[in-house]
Amino acid sequence: MYPISVIIALGSNIGNYKINFHNAIELISKFGQIKSIGNIYVSKPYGLKEQNNFFNTAIEILTTCQPMELMLKLQNVEKKLIKNKKIPNGPRKIDLDIIFFGSKVVKNSQIQIPHPRVMDRDFVLKPICDFKPFYRHPLSKLTLKEALESLGSQYIIKSLDSSDFRKKFF
């Protein structure tokens, strides 16, 4: 089986985001080769407004896992790191979502790829655009850069210098 490029979004608003992201990426690297890491963005909460701002980034990995297998492994990472999510769109230590799985489209009762709300969330699109701006969404056929430009800034408050963070992995 050949490795496939997968984009994963990471979010955190409980505890130290750098430690949370570092630990998550370390665990993910056991089943996926880390190819790219986007900048880290501070964003207003999506959904439940009465909570701390989020820190968001995205990574690209190469993996031989199938979509369901990868989802289960990511859920395992969240459990190991104690995700701590009590309510939908609520505070959490770590959140890992498969956004794109190559150009595959998967939809069943357990998983939906591409992520169904990726084109509505600047805090997901922007860190992916840092390393893959011309990737075409498999359904809309828009590049991520085009999608982000049409969406504008909705939730992102600021970008953080992430060069030191990335150096730990490359």
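The criterion of at least 2 residues that are among the charged types (D, E, K, R) is met by the following strands (runs of 3 or more DSSP E) wholly inside the range 11-121: 95-101.
Considering only residues in the range 122-148 that are closer than 23 Å to S162 by Cβ and assigned to a loop (DSSP other than H, G, I, E, B), the one that is most open to solvent (accessible area, probe 1.4 Å) turns out to be F134. Among the criteria (1) touching a helix residue (DSSP H, G or I) at 6+ places or on another chain (Cβ under 9 Å); (2) β-branched (V, I, T); (3) open to solvent by 20 Å² or more (accessible area, probe 1.4 Å), the one I111 does not fulfil is (3). Answer yes if at least one residue in the range 43-61 is of a type in the set (S, T, Y), under 30 Å from K141 (Cβ atoms) and out of contact with any Pro (no Cβ under 9 Å at 6 or more places or on another chain), and no otherwise. Yes, the range 43-61 contains a residue that is of a type in the set (S, T, Y), under 30 Å from K141 (Cβ atoms) and out of contact with any Pro (no Cβ under 9 Å at 6 or more places or on another chain).
Restricting the range 1-10 to residues that are out of contact with any helix residue (DSSP H, G or I) (no Cβ under 9 Å at 6 or more places or on another chain) and outside any loop (DSSP other than H, G, I, E, B) leaves a set whose member that is surrounded by the fewest Cβ atoms within 10 Å (Cβ to Cβ) is S5.
Matching residues to (1) over 16 Å from the mean Cα position of the chain (by Cα); (2) crowded, with 19+ Cβ neighbours inside 10 Å; (3) among the aliphatic types (A, V, I, L, M); (4) under 12 Å from S5 (Cα atoms):
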{"position": "K49", "(1), (2), (3), (4)": "yes, no, no, no"}
{"position": "I61", "(1), (2), (3), (4)": "no, yes, yes, yes"}
{"position": "C65", "(1), (2), (3), (4)": "yes, yes, no, yes"}
{"position": "K73", "(1), (2), (3), (4)": "no, no, no, no"}
{"position": "K80", "(1), (2), (3), (4)": "yes, no, no, no"}
{"position": "K86", "(1), (2), (3), (4)": "yes, no, no, no"}
{"position": "I94", "(1), (2), (3), (4)": "no, yes, yes, no"}
{"position": "I99", "(1), (2), (3), (4)": "no, yes, yes, yes"}
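The values are calculated or read from the model by the stated rules, or taken from the named source; none is laboratory data. Computed from a predicted structure; not experimentally measured. Here Cβ is always computed from backbone atoms with ideal geometry, including for glycine, and neighbour counts include all displayed protein chains. Heavy atoms of the whole protein, side chains included, go into the accessibility calculation; ligands, DNA and RNA do not. Shrake-Rupley method; radii C 1.70, N 1.55, O 1.52, S 1.80 Å.
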